[in-house]
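The values are calculated or read from the model by the stated rules, or taken from the named source; none is laboratory data. Since this is a predicted model, take the numbers as computed values, not measurements. We place every Cβ from the backbone using ideal geometry, glycine too, and count neighbours over all the protein chains shown. Areas reflect the complete protein model, heavy atoms only, side chains present, ligands, DNA and RNA absent. Shrake-Rupley method; radii C 1.70, N 1.55, O 1.52, S 1.80 Å.
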Amino acid sequence: MKVLVIGSGAREHALAWKLRQSPHVTKIYAAPGSHGMARVAEPVNIKADAHNDLVAFARENKIDLTVVGPEDPLVAGIVDLFQRKHLRIYGPTAKAARLEGSKAFAKDVMSRHGIQTGGHKVYDKAAPALEYLANCDYPVVIKADGLAAGKGVFICRTQEEAEAAVAEAMVEKRFGDAGRKLLIEDFLQGEEVSVHAISDGHNILPLCLAQDHKPVGDGDTGENTGGMGTYSPLPQITDTQNAVLERDVVVQTIHAMNREGEPYKGTLFVGCMMTKQGPKVLEYNVRFGDPETQSIMMRMKGDLFEVLNATIDGKLDTVEVDWDPRSVVTVVLASGGYPRDYEKGYKIKGLDTDFGPDVQVFHAGTKKVDGDWYTNGGRVLSVCALGSDLKDARARAYAAVDKIHFDKMIYRKDIGFRGLKG
Ligand code: GLY
């Protein structure tokens with residue numbers, strides 16, 4: 001079977017790496033892919049937003065399954081297009097993908113179906129938003145309504161910070177159209193977890209829990225990024241809490257989408273806050289998380305191709321997945337300056353190291369020139385390591401990180417700190 005993976009980040013590299021392990025898969029292409037993924041997937045020079053070209057490629061190359069990594073093509077309707085052309089593709093339709101494409105839509109769905117989430121207000125003009133911010137309690141969370149690559153979220157502890165966030169989104173238009181509408185949300189106290197599940201619209205396959213580290217700096221300081229590292233499992237989350245997350249968040253959401261008349265097929269990734277009152281939804285994502293996927297794929301025991309294929313056919317109940325009981329830690333190596341401006345083109349050393357079977361390095365912003373690797377993006381590499389427990393996995397991940405170097409490299413040194421607290 002031939003597979004096409006759309007995207008070029010470390011998430012897509014991890015998905016292609018896992019798909020490559022399936023005995024059903026004979027060939028994987030990645031569009032646009034990257035030099036770093038080339039060992040597992042042949043790069044194809046088509047961008048993720050060139051939907052018609054992707055259709056033509058899938059047709060010409062008799063692709064059996066297309067897997068979409070990032071959210072933008074899903075929100076823009078790539079699944080609907082492929083389906084109209086009778087091509088097999090994994091992911092939600094554009095209507096279902098509004099769960100991520102519009103945070104205001106997601107809040108409406110939650111409120112219509114009794115799914116627990118924080119209070120919020122929606123504004124499409126700066127003046128009333130600023131008026132509200134002059135009289136509200138702090139902290140508040142300000143979010144761009146549309147897609148902003150994980151960067152359109154501001155945790156504002158003062159009125160001044162909140163006004164700056166509104167100006168950035170609505171006046172400077174840093175997020176373009178995505179910031180035309182803003183949500184001002186209650187700040188929820190607790191621990192955030194990344195809940196992933198796959199659904200064929202009826203059956204649900206929960207994936208292992210992970211925890212991301214969104215702020216750029218150690219101790220959760222600095223600006224929010226797409227994610228600086230993950231780990232799994234989460235020792236601090238009990239089996240009962242996990243069961244509640246599945247029942248009250250995942251199952252409820254899949255049912256809600258059915259009742260909305262938009263059955264949800266694909267990966268549902270819910271950012272949840274574990275509050276004293278129980279889990280509350282922070283946001284929906286309609287694809288695999290990055291860097292959550294890197295950790296999840298490291299622990300997944302089972303055939304990802306069979307899972308995705310069965311999802312398309314509505315037969316998710318026919319496949320089984322197990323989880324490596326060991327822990328995994330993923331550390332993101334990024335370019336200094338990220339999530340704002342950064343320079344590219346620094347030589348990366350150490351990638352030819354033999355890290356051993358329990359370490360994987362997934363590429364995101366890298367480029368190979370004349371046999372040497374160079375930085376080519378904000379998030380550059382994801383270094384993942386399995387270990388007997390969280391402490392061991394973390395030690396192994398950072399030992400591997402120590403062997404890699406590029407100028408202005410930044411990374412968090414505390415991935416997994418919450419899991420180690422107990
Ligand atoms: N790591 C967060 C995300 O993928 O949105």
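Of note:
- Whole-Hz ³J(HN,Hα) from phi, Karplus 6.51 cos²θ - 1.76 cosθ + 1.60, for region 369-375, glycine and proline x: 10, 6, x, 10, 9, 10, 6
- Working note: Karplus 6.51/-1.76/1.60 with θ = phi - 60° gives region 286-300 the couplings 9, 7, 5, x, 10, x, 4, 4, 4, 5, 5, 5, 4, 9, 6 Hz, where Gly and Pro are set to x.
- Solvent-accessible area of D402, all protein chains in place: 120 Å² (probe radius 1.4 Å, heavy atoms, ligands and nucleic acids excluded).
- Build a GNM of the chain with springs between Cα atoms under 10 Å apart, and of K181, K85, K47 the one that fluctuates most is K85.
- The Cα center of region 380-422 and the Cα center of region 10-43 differ in position by 24 Å.
- Prolate/oblate/rounded call for region 200-312, Cα gyration tensor, a/c under 1.5 rounded: prolate
- Amide H to amide H, with H built 1.01 Å from N, Y29 comes under 5 Å of V3, L4, V5, E42, counting only residues 5 or more places away or on other chains.
- Accessible area (Å², 1.4 Å probe, nearest 10) - W373: 40 Å²
- Solvent-accessible area per residue in the chain equals 42 Å², computed with a 1.4 angstrom probe and all protein chains kept.
- Packing, as the average of other Cβ atoms within 10 Å across residues, places the peptides 4-13, 332-341 in the order 4-13, 332-341, highest first.
- The stretch between Q241 and E223, if pulled fully straight at 0.36 nm per residue, gains 3.6 nm over its current Cα-Cα span.
- If you run the Gaussian network model on the chain, springs between alpha carbon atoms under 10 Å, then out of D177, D200, D370 the most flexible one is D370.
- Between region 203-227 and region 120-161, the Cα center-to-center distance that results, in Å: 21 Å
- Compared with the direct C-alpha span, the chain from S388 to D370 gains 2.6 nm at full extension, assuming 0.36 nm per residue.
- Peptide ranges 259-270, 107-118 listed from the most packed, as the mean C-beta count within 10 angstrom indicates: 259-270, 107-118
- Protection proxy ranking, peptides 317-325, 58-66, 97-105, 291-299, average beta carbon neighbours within 10 Å, highest first: 291-299, 97-105, 58-66, 317-325
- Tensor-based shape of the chain (alpha-carbon gyration tensor, a/c under 1.5 rounded, otherwise prolate or oblate): rounded
- Region 1-154, accessible surface, carbon-and-sulfur percent (1.4 angstrom probe): 48 percent
- Contour excess over end-to-end distance, with Cα ends at D137 and W323 and 0.36 nm allotted per residue: 62.7 nm
- For region 1-66: rounded, prolate or oblate by the Cα gyration tensor [a/c cutoff 1.5]: oblate
- Annotation: the antiparallel percentage among DSSP beta bridges lying fully within the chain is about 80.
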